[in-house]
Each structure stands twice: as structure tokens, then as C-alpha cells.
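Reviewing the structure listed below.
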Amino acid sequence: MVVLETRNLKKYYGKVHALDDVSIDVEEGELLAVIGPSGSGKTTFLRSIAGFVKLDAGSIKLHGRDITNLPPEKRNVAMFFQNYALWPHMNVFDNVAYGLKLRKLPKDEIEERVHKILKLLDIEDLVNRKPNQLSGGQQQRVALARAIVVEPELLLLDEPLSNLDAKIRMRIRFEIKALQKRLNLATIYVTHDQEEALSIADKIAIMHLGKVLQVGKPEEVYRNPANFFVADFIGTNSVIIVHGKDGKVQIGNRTFNLPAGSKYARIVVRSDEVTISSEEPKEEKGLTISGKIMGRLYMGSKYRYEIEIEESNDPLFVNSQNIYDVGSEVYVIIPDGSFFVYEV
């Protein structure tokens, strides 16, 4: 069942198209991650659904009900803000109960729902603390509790983990995903962290300059990017430009055709999916490029190599657990499906 339908959303700020004909659906119990670089329109998209941005065109429906022109408080949508926006003078209970009190629910029901959600998020023992007495992770849970205690039809999360350190972010990813599934709550999760999006989402939308470039399951978007921007944005990649001749571009053991008028190709390589060898492979599988190691960085679990190749002025950056000396002649073996060729 479709919970949210957005159709042809447009929002202009002068000549800037913050939203340029955006149409995305979210189904019941689905977590949609919206990713893209700064200025892509993802937060404007989220805030337009919440009712904080007035659209220039388009429609928003929630369970079939048109909410395009309704004020935020009439939409039954909960938004989790990046800075948590907790009331500093209120304790945890009053912060979480705030939305329920605005709805003028009975005191007994407020008590029951607040304690239920605090228990669900394992923060019931913090009920009397003020925000300045909480860690970043605890504040994050309180803000999440406040958002979902009102039992919204749709949950909107705007960079919910950006203020936390890396270890806490990794743990809370699992917790948010488990909680969202337990509540069967349709959720839109805006983030600039594509690894976070890949790991937590049921579906991903990639935005750039106000447009939606691709929507699909994480595996689909990663393995079958719709265009160069998506291929380069998703994953850890290296991009090289190779000039062509007579409608073809030659690199390593492969030749690719170029459309009429194209003079060179951009090749996106998934840096984590290559193999480096000091010996030329006996079988020709995928793309094999010979080169010379010009630099090496230690990354902990792997090394990052800068490799000079004959066919391009751009170095190829790849990751490997194997150790090679700077100056070594090597072969970079890239499996099919781990590189993408786009004409320019």
C-alpha cells in the first residue's frame, strides 16, 4: 500500500530550482533514503512534505488524502530535526510529551504513551533529566521518541546521525532500522552519507540540482547506476578520462564504442572491487589495465594505491590488502559489473 505520493513537485528560489519536477512514492513500512550532494534539494523535499516549504507546483498525498496545502500540524507527519531541537528547560518526559499535550490528549494516555516509547528506546531511566544532562546519543533517542510518540502516518528524518561520532552512528543505524520495521512506519531518511543510505534503506532516491536521477533498491542503484553522476556518487570510486579515436576508446584489454560526436569516455571504477597483481592474468575476464604504482597510503584494513596508466592522464586510485612498493609495475584487474563507461 502506498502511504506517500509526491507528484511533480516544484520549488524555485529565484533562478534556483530547489525541486524540479520531483515524483517519489513511499510504501507502508518502507524506509526511503534520499541522498545527494549539498544543494541537491533533499532537505527541501523533506520540508515540503512536512509543510514547512510552500510549493510552487505539484501535489502531496498521504494515504490518498491531499495534504499539499495543509499546515504542518494538520498533516499527521512527524519530523526529526538535525539539531534535535529539544526544549532545554524541559526534562525528557516533557520533551517527549510535548506533541501529545498540543493534541490535548488525556493525561493518563499521555503518561502511558510516553513511558511506552521511552521503554521501547531504552531511555526510561532518563525521564527526569534535562537535555544538557544527556549524551549526544541519548539526545538523539529522546528526539526520536518525541517524533514517533504521536503515532504519525509518516516519519521524516533529516540527517539524524550527523551529530554523533562514527562508532555510535554505526550502532544506531541498526537500532533505527529495527525500530522502524517493528513499528511498520513509512519513513523518509535524508542523509549525505551514501554508506549510511545503502545500509539502512529499502529504497534509495538520488537527487542532484533539484532532480531525482534514480530511484531503486540499494543493490539496484549500486550495480546498475542510471548515469555517470549516480555511478560516481554511490560507492568508493575512481574516475579516469580516456580519449578515443575513430569512434572507439581503447583501455587495457578492452575496446568500447563511442557515439557519434563523442571524443572521450569517463570510466568509473569501484575502487574496493579490484584486484592488483604483479603478474599478467592468464584469463581475460573483465577489464585489465597495466600501470605503475606512484603512491601508497595506509588505511588500516587496506592500502590505497595511486596507479599511473598509459591510456589516461588521470591516476587510477584503487584499494587492496596486498602490499606493493611504490614504483612497482602491476596489473589492475576489474571484474565486469565493477566499472562503468560513459561517453562525454
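The values are calculated or read from the model by the stated rules, or taken from the named source; none is laboratory data. Owing to the predicted nature of the structure, the values given are computational and were not obtained by experimental measurement. Every residue, glycine as well, gets a Cβ built from its backbone with ideal geometry; the counts of neighbours run over all protein chains shown.
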Exercise. Which of (1) of a type in the set (A, V, I, L, M, F, W, C); (2) part of a strand (DSSP E or B); (3) farther than 22 Å from G244 by Cα; (4) touching a residue at least 12 places away in the same chain (Cβ under 8 Å) is the odd one out, the single condition V326 does not satisfy?
Worked result: (2)
Exercise. Somewhere in segment 42-51, is a residue surrounded by fewer than 15 Cβ atoms within 10 Å (Cβ to Cβ), closer than 24 Å to K217 by Cα and modelled with pLDDT under 95?
Worked result: no
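Each row is one residue, and each column tells you yes or no for (1) crowded, with 17+ Cβ neighbours inside 10 Å; (2) out of contact with any Pro (no Cβ under 9 Å at 6 or more places or on another chain); (3) polar (S, T, N, Q); (4) without any contact (Cβ under 8 Å) to a residue 24 or more places away in the chain.
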{"site": "E109", "(1), (2), (3), (4)": "no, yes, no, yes"}
{"site": "V114", "(1), (2), (3), (4)": "yes, yes, no, no"}
{"site": "D122", "(1), (2), (3), (4)": "no, yes, no, yes"}
{"site": "N128", "(1), (2), (3), (4)": "no, yes, yes, no"}
{"site": "G137", "(1), (2), (3), (4)": "yes, yes, no, no"}
{"site": "Q140", "(1), (2), (3), (4)": "yes, no, yes, no"}
Exercise. Among the aromatic types (F, W, Y), at pLDDT below 95 and surrounded by 14 or more Cβ atoms within 10 Å (Cβ to Cβ): does that describe Y264?
Worked result: yes
For this session: Pull up segment 305-314, narrow it to residues that are under 14 Å from V330 (Cα atoms) and in contact (Cβ under 8 Å) with a residue 24 or more places away in the chain, then point me to the one that is nearest to the chain's Cα centre (by Cα).
Result: Y305
Problem set entry | L70 vs. criteria of a type outside the set (F, W, Y), over 26 Å from G216 (Cα atoms) and at pLDDT 95 or above | yes
Exercise. Which of the residues that make up segment 69-126 are of a type in the set (V, I, T) and in a helix (DSSP H, G or I)?
Worked result: V92, V96, I110, V114, I117
Exercise. Out of (1) within 11 Å of G210 (Cα to Cα); (2) in a helix (DSSP H, G or I); (3) of a type in the set (A, V, I, L, M, F, W, C), the odd one out for L19 is which?
Worked result: (2)
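For (1) touching a residue at least 24 places away in the same chain (Cβ under 8 Å); (2) loosely packed, with under 14 Cβ neighbours inside 10 Å; (3) touching a Lys or Arg at 6+ places or on another chain (Cβ under 8 Å), each residue gets a yes or a no:
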{"residue": "Y12", "(1), (2), (3)": "yes, no, no"}
{"residue": "D25", "(1), (2), (3)": "no, no, no"}
{"residue": "E30", "(1), (2), (3)": "yes, no, yes"}
{"residue": "V34", "(1), (2), (3)": "yes, no, yes"}
{"residue": "A57", "(1), (2), (3)": "yes, yes, yes"}
{"residue": "N76", "(1), (2), (3)": "yes, no, no"}
{"residue": "F81", "(1), (2), (3)": "yes, no, no"}
{"residue": "P88", "(1), (2), (3)": "yes, yes, yes"}
{"residue": "N95", "(1), (2), (3)": "yes, no, yes"}
Problem set entry | From A260, A265, residue being among the small types (G, A, S), closer than 12 Å to E311 by Cβ and not assigned by TED's automatic domain parsing to the domain that holds D193 | A265
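For every residue, the table says whether it meets (1) surrounded by 16 or more Cβ atoms within 10 Å (Cβ to Cβ); (2) closer than 30 Å to K282 by Cα; (3) of a type in the set (K, R).
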{"site": "L155", "(1), (2), (3)": "yes, no, no"}
{"site": "R171", "(1), (2), (3)": "no, no, yes"}
{"site": "L198", "(1), (2), (3)": "yes, no, no"}
{"site": "A205", "(1), (2), (3)": "yes, no, no"}
{"site": "L209", "(1), (2), (3)": "no, no, no"}
{"site": "N224", "(1), (2), (3)": "no, yes, no"}
{"site": "G244", "(1), (2), (3)": "yes, yes, no"}
Exercise. If we scan segment 59-74, do we find a residue that is within 22 Å of R173 (Cα to Cα) and in the same structural domain as E153 (by TED's automatic domain parsing)?
Worked result: no
Exercise. Right, S320: surrounded by fewer than 19 Cβ atoms within 10 Å (Cβ to Cβ), hydroxyl-bearing (S, T, Y) and out of contact with any helix residue (DSSP H, G or I) (no Cβ under 7 Å at 6 or more places or on another chain) or not?
Worked result: no
Exercise. For K54, all conditions in the list (1) more than 25 Å from the chain's Cα centre (by Cα); (2) assigned to a loop (DSSP other than H, G, I, E, B); (3) charged (D, E, K, R) hold save one; what is the number of the exception?
Worked result: (1)
For this session: Among the residues of segment 226-242, write down those that are farther than 18 Å from L287 by Cβ and of a type in the set (F, W, Y).
Result: F229, F233
Exercise. Taking segment 221-257 on its own, how many of its residues are among the polar types (S, T, N, Q), under 25 Å from M299 (Cβ atoms) and either outside any strand (DSSP E or B) or free of Cβ contacts under 8 Å to residues at least 24 places away in the same chain (or both)?
Worked result: 1
